[in-house]
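The values are calculated or read from the model by the stated rules, or taken from the named source; none is laboratory data. All of these numbers come straight from a predicted model, not from anything done at the bench. Reconstructed Cβ throughout: ideal geometry from the backbone, glycine too, with neighbour counts over all protein chains shown. What goes into the accessible areas is simple: the full protein's heavy atoms, side chains included, and nothing from ligands, DNA or RNA. Shrake-Rupley method; radii C 1.70, N 1.55, O 1.52, S 1.80 Å.
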Amino acid sequence: MKKKKISLIDLTTLFRQMQSRQWRDGRLHGEIEVKDTAMAELLREVLSEGNADAFPCLVEHGDSDSINVGDVLHLGFGSPRTSIGLVLESIEALLRNREIAAGTAEHSWYVVNEDIGSWETNSDLCSRIEAIKKLVSAFESSAALFDHRKSVLIFLRNGRFDVPISYSADTLLKFDLVAARSLAEALELNDGHSTQRREICCTAVCELLANTPSENRFNQLLIKIAELKVRFDDGYRLFAASFSFDKIRDEAEEMRIEYTAKIHKTLADIQGQLLGIPISTIVVATQFKEVTTTPGQLWINIAIMVGATIFCALLFIALWNQKHSLDVISEEVDRSEASLKKQNVELASRFSEIFNKLRSRIFWHEVALSIIALIAIVAWILGFAVFWMLTQAKL
C-alpha cells in the first residue's frame with residue numbers, strides 16, 4: 001500500500017491539539033490525546049521508524065508502536081525535514097532564515113508561539129511577510145543587483161550601497177503595511193516611466209539610509225517606509241512636472257524646426273554648384289569648335305572637357321556628402337522618436353505626425369539630389385558628345 005505523503009499542514013493539525021505546549025531544547029513538547037482513527041493513523045505514520053528522519057519526534061510517554069483511539073501521548077516534535085517545512089519557536093527564529101525574510105524561500109513554515117502557518121495567507125503575519133516579498137521584488141528592479149544567495153540588495157549610487165534583507169520581529173509587526181504595498185505597486189507599474197521610477201527609488205533609498213549601518217538598513221527602511229514613499233512621490237512629481245505635455249510639445253516643435261533647417265541646408269550648401277550646372281553646360285557647348293578652324297583648338301576642346309569632368313566629379317562628391325548628411329539626420333529623427341517612445345508610448349504616438357513629416361522631407365530631398373545627379377550625368381554626356389563630334393578626327 002502506497003504511503004500517504006504527510007505535509008506540514010497535517011503536522012500542524014497535531015500540534016494544535018497538543019495540551020500544555022511549550023518549546024524546549026529545539027522541540028515542541030506537549031500532551032496529545034488520540035481522538036479518532038484518522039488521528040491514530042496519522043500519528044502511527046509520523047512516529048513510524050521509516051519516518052524517523054523526516055519527522056524527528058521524541059516519545060516521552062506512551063507506546064508509539066501501538067496507538068489507539070483514547071491513548072494519551074507525551075511527545076516532543078522536532079523540526080521536520082526542510083523539504084517538508086520549518087517548525088520554529090518564534091517570529092525572531094523565522095526571520096533568522098534570510099530566504100524567508102526576503103520572501104525567496106519556497107518551503108512552508110509554522111511558528112509555534114504565534115500558531116500561524118505560511119499557508120494561512122489571511123493572517124496579519126503572512127500578509128506582512130508577503131508585502132515585504134513584493135517590496136523586495138520591486139526594489140530588485142531598482143537595484144543594480146540582488147544577491148539571492150546572501151539576500152542582499154546592491155544599489156549603485158556614488159559607489160556600492162548594500163542593503164542586506166534583515167529586520168526584527170518588532171519592525172515586521174509594526175511597519176506601515178499600506179505604504180509598503182503602495183510603493184511596491186508604484187515601482188511595478190509599466191507605463192513607459194519604469195526606468196525613471198527605478199532611478200528615483202534608488203536615489204530615495206540611498207539618501208534615506210545614507211547614515212545607517214549596512215546591517216540595519218533594511219530594518220530602518222521598513223520603519224521609515226512611509227517617509228520613503230513620500231520621498232519617492234516627491235521625486236516622481238518633479239519628474240512628471242518636467243515631462244509635461246506642453247513641454248514635450250514645445251521640444252518636439254523645436255526639434256521639427258531644427259531638423260527642417262538641417263534638411264534644407266543640404267541643398268543650400270551646394271546651391272552655387274547647382275546653379276553652375278546649366279551655366280557650365282552652355283559654356284561647354286558654345287566653347288567647343290572644330291579643330292580645323294583654329295590652331296591648337298584640339299587642346300582647347302580637351303581642356304574644356306577635362307574641366308567639365310572635374311566639375312561633375314566635384315558635384316558628385318558634394319551630392320554624396322549631402323546624402324550622408326540626410327542619412328545622419330534620418331538616424332537622429334529615429335533616435336528622438338525611439339527615446340520619446342521609451343519614456344511614454346502614448347505621448348510618442350501623438351507626435352508621430354511630426355516625425356513622419358520630417359521623414360517625408362528627407363525622402364524628397366534625397367529624390368532631389370538623385371535628380372540633380374541625373375541632370376549632371378546627362379549634361380556631361382551631351383558635352384562629351386559635342387566634344388567627340390568636333391574633335392574625333394584628330395584623336
Answer in debye to the nearest 20: the dipole magnitude of region 27-66 about its Cα centre, from +1 Lys/Arg and -1 Asp/Glu charges placed on Cβ, is 120
Ordering VAL163, VAL386 by the accessible surface of their heavy atoms, 1.4 Å probe, largest first, yields VAL386, VAL163
With the label point 7 Å along the Cα-to-beta-carbon line of SER7 and a cut-off under 14 Å to each amide N, the hits in region 77-121 are 84-86, 107-110, 117-121
Between TRP388 and LEU267, the FRET efficiency computed from the C-beta separation at R0 = 41 Å comes out, to the nearest 0.05, as 0.80
Phi-derived 3J(HN,Hα) across region 24-34 with the Karplus relation (6.51, -1.76, 1.60, θ = phi - 60°), rounded Hz, x for Gly and Pro, is 8, 6, x, 9, 9, 9, x, 10, 10, 9, 6
Helix 352-391: inclination vs the chain longest Cα principal axis, degrees, rounded to 10, gives 30
Dividing the mean separation of Cα pairs under 8 Å (6+ apart) by the residue count of the chain yields a relative contact order in percent of 10
Mean-square fluctuation maximum in Gaussian network of the chain, Cα pairs under 10 Å, restricted to ILE375, ILE354, ILE200, hits ILE375
Region 55-69 scanned against label point 7 Å out from ALA38 along Cα→C-beta; backbone N under 20 Å for 67-69
Helix 194-208: inclination vs the chain longest Cα principal axis, degrees, rounded to 10, gives 60
Computed ³J(HN,Hα) along region 59-71: with the Karplus parameters 6.51/-1.76/1.60, θ = phi - 60°, integer Hz and x for glycine or proline, the list is 8, 7, 7, x, 9, 6, 7, 9, 9, 10, 4, x, 5
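Subtracting the Cα-Cα distance from 0.36 nm times the residue separation, let me have the gained length for ILE302 to SER66 in nm, one decimal.
72.7 nm
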Simple spin-label estimate for ALA144/GLN196, 7 Å along Cα→Cβ, in nm, reads 2.5
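With the other protein chains left in place, how much accessible area per residue, in square angstrom, belongs to the chain at a 1.4 angstrom probe?
Per-residue value: 55 Å².
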Between VAL178 and ALA313, the two model label points (7 Å from Cα along the beta-carbon direction) sit apart by a distance in nm of 8.1
In whole percent, the fraction of accessible protein surface over the chain that belongs to carbon or sulfur atoms, probe radius 1.4 Å, stands at 54
Measuring from the longest principal axis of the C-alpha atoms of the chain, the long axis of helix 245-268 (C-alpha) lies at a number of degrees, nearest 10, equal to 30
The farthest towards the positive end of the charge dipole of the chain, of the residues THR260, CYS201, GLY50, given +1 on Cβ of Lys and Arg and -1 on Cβ of Asp and Glu, is THR260
By the Cα gyration tensor axes a ≥ b ≥ c (a/c under 1.5 gives rounded; else a/b larger than b/c gives prolate, otherwise oblate), the shape of region 53-108 is prolate
Taking every DSSP bridge whose two residues both lie in the chain, the antiparallel percent to the nearest 5 is 90
